[in-house]
1. Kindly check whether there is at least one residue in segment 29-39 that is touching a residue at least 12 places away in the same chain (Cβ under 8 Å), more than 28 Å from the chain's Cα centre (by Cα), over 25 Å from L108 (Cβ atoms) and loosely packed, with under 12 Cβ neighbours inside 10 Å.
2. Of the conditions (1) closer than 19 Å to A71 by Cα; (2) among the hydrophobic types (A, V, I, L, M, F, W, C); (3) at pLDDT 90 or above, L34 clears all except one; give me its number.
3. Since G133 meets every condition but one in (1) in a loop (DSSP other than H, G, I, E, B); (2) modelled with pLDDT under 75, which condition does it not meet?
4. Suppose we filter T40, T36 for residues that are out of contact with any Pro (no Cβ under 8 Å at 6 or more places or on another chain) and over 25 Å from D114 (Cβ atoms); which single one remains?
Amino acid sequence: MAGHDKPAGNPHGNRSAIEMALSPSDKTEFDRLLGTGRLTLDGLVLWLEGKGYEISRSSVHRYKGRFDRMAARLRQSREVTQALARELGDAAEQGQQGRVLVEMARTLVFDMMDSLPENAQLDPKDIALLGKGLAEMAKAARMDQDFETKVEEARAKAKRDAASTAATAARAAGLTDELARQIEAKILGVES
């Protein structure tokens, strides 16, 4: 149909009756109940009725199906991310960069899985390749960080050496120890 972005049968796009009707807190509680798996479909409908909602059994069934599929994808995503973390090895455990890489891997995996057809699975070889690529990124980032640390250490040492040399020269020129310490402190950028 020209000029329409949403299907004619549902003026709210892909939102379910549950998403449109339930308050945020009730939806959170409903999702928690779904996650536990303790209530049957009829039990879920009764829970909704007890909260004052009139939502059909078929709407609850459709929502539960989508919820179950998303939960399965999340479980699979978690498993793949754990495999990637094992593949990353030391890089995943080393500080902020490792955490960023694991988070990046988790996001990449979830996005990939979200774009897969319903029953498709990721190839373990692809997971291993992604993990190796991320491990190489971590190694390069660690080398870059190590280089920056060494440059900072060299800069600080040069500053200390210059301050010490200046203080020694000031003493040799006949300045008092106090003035020599002030010159040294000024070069080091600290209060005397």
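1. No: zero hits.
2. The single condition L34 does not satisfy is (3).
3. All conditions are met except number (1).
4. Values: T36 fails: over 25 Å from D114 (Cβ atoms).
Checking each option against the conditions leaves just T40.
The values are calculated or read from the model by the stated rules, or taken from the named source; none is laboratory data. Small disclaimer: the values here were computed from a predicted structure and weren't measured. No Cβ is skipped: glycine too gets one built from the backbone with ideal geometry, and neighbour counts run over all protein chains shown.
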